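Accompanying notes for the structure given below.
The values are calculated or read from the model by the stated rules, or taken from the named source; none is laboratory data. All figures in this text were calculated on a predicted structure; none of them were measured in a lab. Ideal geometry is used to build each Cβ from the backbone, glycine not excepted, and the neighbour counts take in all protein chains shown. With ligands, DNA and RNA removed, areas are computed over all heavy atoms of the protein, side chains included. Shrake-Rupley method; radii C 1.70, N 1.55, O 1.52, S 1.80 Å.
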Amino acid sequence: MSFKTFTKRNGEPWTPKYLLEISQELCIGCGRCFKVCTQNVLKMMGINEDGVQCDPLDDDDDSNRKIMVIDDAGNCIGCEACATVCGKKAQTHGAVPA
Ligand code: SF4
Ligand code: SF4
């Protein structure tokens with residue numbers, strides 16, 4: 001299988017590794033990935049004790065915690081900047097078929 005690959009300025013091939021998944025179990029909602037992503041891929045959400053996503057600003061339920069979710073995967077350029085700042089290794093990146 002061939003993967004979506006581009007050419008760098010120096011002529012070398014570059015195969016982006018796109019953000020494919022964020023583990024709801026590992027993510028602590030620190031927001032570091034959100035701050036480094038320039039492509040509007042990510043969104044902070046709340047998640048309740050039943051694992052249901054909810055309004056992150058809803059503080060009524062003390063059990064709510066924050067998680068990052070992929071809001072617009074199509075905007076991802078596969079730069080992996082978000083991976084470099086995630087201390088929980090909550091993200092999965094990978095090449096995609098051409
Ligand atoms: S790989 Fe780059 S563009 Fe994609 S979500 Fe992470 S920081 Fe944003
Ligand atoms: S940097 Fe990692 S732990 Fe922090 S919000 Fe992003 S995915 Fe979650």
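Values computed for the structure shown
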{"read-out": "Free-standing Cys, the chain [no other Cys Cβ under 4.7 Å]", "value": "C27, C30, C37, C54, C76, C79, C86"}
{"read-out": "Calculated [θ] (222 nm, deg cm²/dmol) that DSSP helices of n ≥ 4 give over the chain, each run adding -39,500 (n - 2.57)", "value": "-2000 deg cm²/dmol"}
{"read-out": "Where D50, D71 fall by accessible area, highest first, once all protein chains stay in place (1.4 Å)", "value": "D50, D71"}
{"read-out": "Solvent accessible area, Å² - C37, 1.4 Å probe, full protein context", "value": "40"}
{"read-out": "Length released on extending from E21 to Q53, taking residue separation times 0.36 nm less the Cα-Cα span", "value": "10.0 nm"}
{"read-out": "Heavy-atom accessible surface of the chain: percent carbon and sulfur, 1.4 Å", "value": "49"}
{"read-out": "Förster radius 25 Å - calculated FRET efficiency between F34 and F6 (Cβ-Cβ, nearest 0.05)", "value": "0.50"}
